[in-house]
Amino acid sequence: MPYPADRDRDRPWVMRTYAGHSSASKSNELYRRNLAKGQTGLSVAFDLPTQTGYDPDHELAKGEVGKVGVPVCHLGDMRALFDQIPLGAANTSMTINATAMWLLSLYVSVAQEQAEAEGTDWHEVVGRLAGTTQNDIIKEYLSRGTYVFPPGPSLRLITDMVAWTVAAVPKWNPINVCSYHLQEVGATPVQEVAYSMCTAIAVLDAVRDSGQVPADKFGDVVARMSFFVNAGVRFVEEMCKMRAFTELWDEITRDRYGIEDATQRRFRYGVQVNSLGLTEAQPENNVQRIVLEMLAVSLSRNARARAIQLPAWNEALGLPRPWDQQWALRMQQVLAYETDLLEYEDIFDGSPVIAAKVAEIVSGARAEIDRVQAMGGAVAAVESGYMKTQMVGSLAERRRRIEAGEETVVGVNKFGTTEPSPLQAEGANAIETIDPVVEREAVAAIEQWRAHRDAGAVADSLRVLRDTAKTDANLMDATLACARAGVTTGEWSAALREVFGEYRAPTGVSGASASGEAGVELAAVRERVKATGKDLGERLRMLVGKPGLDGHSNGAEQIAVRARDTGFEVVYQGIRLTADQIVAAAVQEGVHVVGLSILSGSHLDAVPAVVEGLRAAGAGDIPVIVGGIIPPDDAKVLAARGVARVFTPKDYEMTQIMDQIVTVIREANDLD
């Protein structure tokens, strides 16, 4: 992360675009094109099987391979991903959490191979590696859902990575404490600051208590802690949030950990502005939203982001094309190189308005940090469901304000009159689509990889990994040995699953409610729910399901909360379910409707599997509805395959959605 060398002019931040899809070779072509356009860092998006520790031929990976990122299954894929990109001179951010240790081991192994091929000292090259592994598992339990192991073993993996990188890869950031996804699932600025700080405290305490880092080197650990934040469109408040982050981090690292070097106490953060705040309705408005959100993290020099990646204007419609990503990069370049932003010291110092807002956020965050620490810290607050419930409730309240018109979203709940958008004139061609052949090729490729490696070396390395996991020894060396032996992502994860087990996080739904929802419209839907239940002779039951590996559960959680508040009995078992599991639950619970939520692009595979499964189980009369980022052409395909309704981000009024669901139930039971 660059910092200014003098007080005359700040340096531009690292400029990235979050990219990767289909295959390692196709993503490599995209990365090299982006670097040629002036991008100064890489931000790797991995697909969901890679993030959750599955190979492409696993049942749960069906329909997910290469959709929201690049599949990296083994060392060969990592070689292809960074072909012709010298890692010793790169700055790479990898959005990976549960399997972060594994992906870092592959990355380091490729850097070693590159050095050896050039005849240089690989230790020196690895020592120069710069970049970040996200590696914040706490927020995965709270928001994005790509966790694998229980909290305790997950924190151990992070601790081992931090201790190893500080010694072996001193310029690498082994963790991005990631508040980005907390905001997307409803966190207020106070909650975002507080819960991120609680996560950082949990990691630093674990590293300190592990005894792996000498006390006189602990400042190096603190100096490599980085953060990844979200910036919403309320850009003055968001800028104040960043100043609050900076103030609190300096205070915590000084007072709790005794770090005297001010440079080691810097709040070092990268940012992506709010993707889930982008709208499907009038998507051209997203351009100005992105620019305003970028200002939130760049205007204040004392709290300026050192790396920025921007979403594309059409991310609410589907996967952006290279041209869309180029537009997002050019926004950064115009701000950094054409304006005078970087020429001044902090323009907000001395402002009483800014100081008051920062103090308000800091005070609220301190109180919430104290509350979580009194519970036993971040891990305990995850396991109890406290933090998850707080954010589900915050998002429910925000949605209530939007639906009530108390909070304006231009083009959605106000100023909806619009002209046809020339940006969408290409229809389905306005977004990137992934050819289904990608998954078949990935399955064939991994079968070939397994067939041509040394099976004995693979078995030996996995045995050592399992044995090491049963002790308190650092797992990095065993993981590096697995990478070099040709072990796959799924095999590495499966070996640790055997030792650590798996985990299903609390959903936060049971304790949350859309407080204040007592309007006429909600009351009318409650009456329809009650009357339909009376017609059927039983209370209406709805199953909310998350098929496949998509862990973005906030939409499903909000539907579950609103359905319960309108009188439904709700069955919601959380994320990462197979079609068979969803069908079995629907039949066992005798539900009247199944609602599926998918944002990963796997809807054409996952949804028909549930519809067909219900028919095979003799429950084909149970209607299926779907919500997610689903292009219009795909919605027509789903309707033809038996889906009763498709809801997309433009359908923001959840009470109206509930009303339509009641209509679906009545139609399915011939009540109208």
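Any residue at all in the stretch 645-654 that's touching a residue at least 12 places away in the same chain (Cβ under 8 Å), in a helix (DSSP H, G or I), touching a strand residue (DSSP E or B) at 6+ places or on another chain (Cβ under 9 Å) and closer than 29 Å to Ala404 by Cα?
no
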Residue list for the stretch 565-584, restricted to those being open to solvent by 10 Å² or more (accessible area, probe 1.4 Å), part of a helix (DSSP H, G or I) and under 25 Å from His58 (Cα atoms) | Ala579, Asp580, Gln581, Val583, Ala584
Within the stretch 133-175, track down each residue that is of a type outside the set (Phe, Trp, Tyr) and in contact with a Pro (Cβ under 8 Å, 6 or more places away or on another chain).
-> Thr133, Asn135, Ile137, Ile138, Ile158, Met161, Val162, Thr165, Val166
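Select from the stretch 335-365 the residues that are of a type in the set (D, E, K, R) and either touching a Lys or Arg at 6+ places or on another chain (Cβ under 6 Å) or surrounded by fewer than 18 Cβ atoms within 10 Å (Cβ to Cβ) (or both) and list them in ascending order.
Glu338, Asp340, Glu343, Glu345, Asp346, Asp349, Glu360
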For the stretch 325-334, how many residues are open to solvent by less than 10 Å² (accessible area, probe 1.4 Å) and either of a type in the set (A, V, I, L, M) or without any contact (Cβ under 8 Å) to a residue 60 or more places away in the chain (or both)?
-> 2
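Results for (1) touching a residue at least 60 places away in the same chain (Cβ under 8 Å); (2) under 27 Å from Glu502 (Cα atoms); (3) open to solvent by 10 Å² or more (accessible area, probe 1.4 Å), shown as yes or no for each residue.
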residue: Ser179; (1), (2), (3): no, yes, no
residue: Met197; (1), (2), (3): yes, yes, no
residue: Phe227; (1), (2), (3): no, yes, no
residue: Ala231; (1), (2), (3): yes, no, no
residue: Thr246; (1), (2), (3): no, no, yes
residue: Arg254; (1), (2), (3): no, no, yes
residue: Asp261; (1), (2), (3): no, no, yes
residue: Gln264; (1), (2), (3): no, no, yes
Taking the residues in the stretch 113-172 that are basic (Lys, Arg) and open to solvent by 20 Å² or more (accessible area, probe 1.4 Å) as candidates, determine which candidate is nearest to Ala380 (Cα to Cα).
-> Arg156
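Mind listing whichever residues of the stretch 408-434 are open to solvent by 90 Å² or more (accessible area, probe 1.4 Å) and within 30 Å of Tyr54 (Cβ to Cβ)?
Selection gives Thr433 alone.
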Can you name the number of the only condition in (1) over 27 Å from Glu403 (Cα atoms); (2) out of contact with any Lys or Arg (no Cβ under 9 Å at 6 or more places or on another chain); (3) assigned to a helix (DSSP H, G or I); (4) open to solvent by 20 Å² or more (accessible area, probe 1.4 Å) that Glu538 fails?
-> (3)
Per the filter on the stretch 549-562, residues under 19 Å from Tyr503 (Cβ atoms) and open to solvent by less than 10 Å² (accessible area, probe 1.4 Å) are Leu549, Asp550, Gly551, Ser553, Ala556, Glu557
Among the numbered criteria (1) more than 24 Å from Thr17 (Cα to Cα); (2) open to solvent by less than 30 Å² (accessible area, probe 1.4 Å); (3) assigned to a helix (DSSP H, G or I), which single criterion is violated by Lys241?
-> (1)
Within the stretch 277-295, is there a residue that is open to solvent by less than 50 Å² (accessible area, probe 1.4 Å) and closer than 20 Å to Thr132 by Cα?
-> no
Spot the failing condition for Arg641; the list is (1) within 30 Å of Ile402 (Cα to Cα); (2) out of contact with any strand residue (DSSP E or B) (no Cβ under 6 Å at 6 or more places or on another chain); (3) basic (Lys, Arg), and only one is missed.
-> (1)
Could you tell me which residue of the stretch 380-398 is nearest to Glu557 (Cα to Cα), considering only residues that are surrounded by 23 or more Cβ atoms within 10 Å (Cβ to Cβ) and within 19 Å of the chain's Cα centre (by Cα)?
-> Val392
Which residue pairs have Cβ atoms under 6 Å apart, sit 6 or more places apart or on different chains, and have a first residue in the stretch 449-462 that is without any contact (Cβ under 8 Å) to a residue 60 or more places away in the chain and a second that is among the basic types (Lys, Arg) and surrounded by fewer than 17 Cβ atoms within 10 Å (Cβ to Cβ)?
-> none
Can Asp435 be described as at pLDDT below 95 and out of contact with any strand residue (DSSP E or B) (no Cβ under 6 Å at 6 or more places or on another chain)?
-> yes
Show the residue pairs that are 6+ apart or on different chains and have beta-carbon atoms under 9 Å apart, the first residue being within the stretch 618-642 and assigned to a loop (DSSP other than H, G, I, E, B), the second being surrounded by 13 or more Cβ atoms within 10 Å (Cβ to Cβ) and among the aromatic types (Phe, Trp, Tyr).
-> Ile630/Phe647
Hits in the stretch 69-122 - residues which are out of contact with any Leu (no Cβ under 6 Å at 6 or more places or on another chain) and β-branched (Val, Ile, Thr) = Val70, Val72, Ile85, Thr95, Thr99, Val108, Val110, Thr120
Does Val271 satisfy the condition of being surrounded by 21 or more Cβ atoms within 10 Å (Cβ to Cβ) and in contact with a helix residue (DSSP H, G or I) (Cβ under 9 Å, 6 or more places away or on another chain)?
-> yes
Matching residues in the stretch 178-226 - criterion: being among the aromatic types (Phe, Trp, Tyr) and at pLDDT below 95 | Tyr180
Count of the stretch 248-279 residues which are under 14 Å from Met294 (Cβ atoms), in a loop (DSSP other than H, G, I, E, B) and of a type outside the set (A, V, I, L, M) = 3
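The values are calculated or read from the model by the stated rules, or taken from the named source; none is laboratory data. Quick caveat, the model's predicted, so the values are computed rather than measured. Methodologically, a virtual Cβ is constructed for each residue, glycine included, from the backbone with ideal geometry; neighbour enumeration extends over all protein chains shown. What goes into the accessible areas is simple: the full protein's heavy atoms, side chains included, and nothing from ligands, DNA or RNA. Shrake-Rupley method; radii C 1.70, N 1.55, O 1.52, S 1.80 Å.
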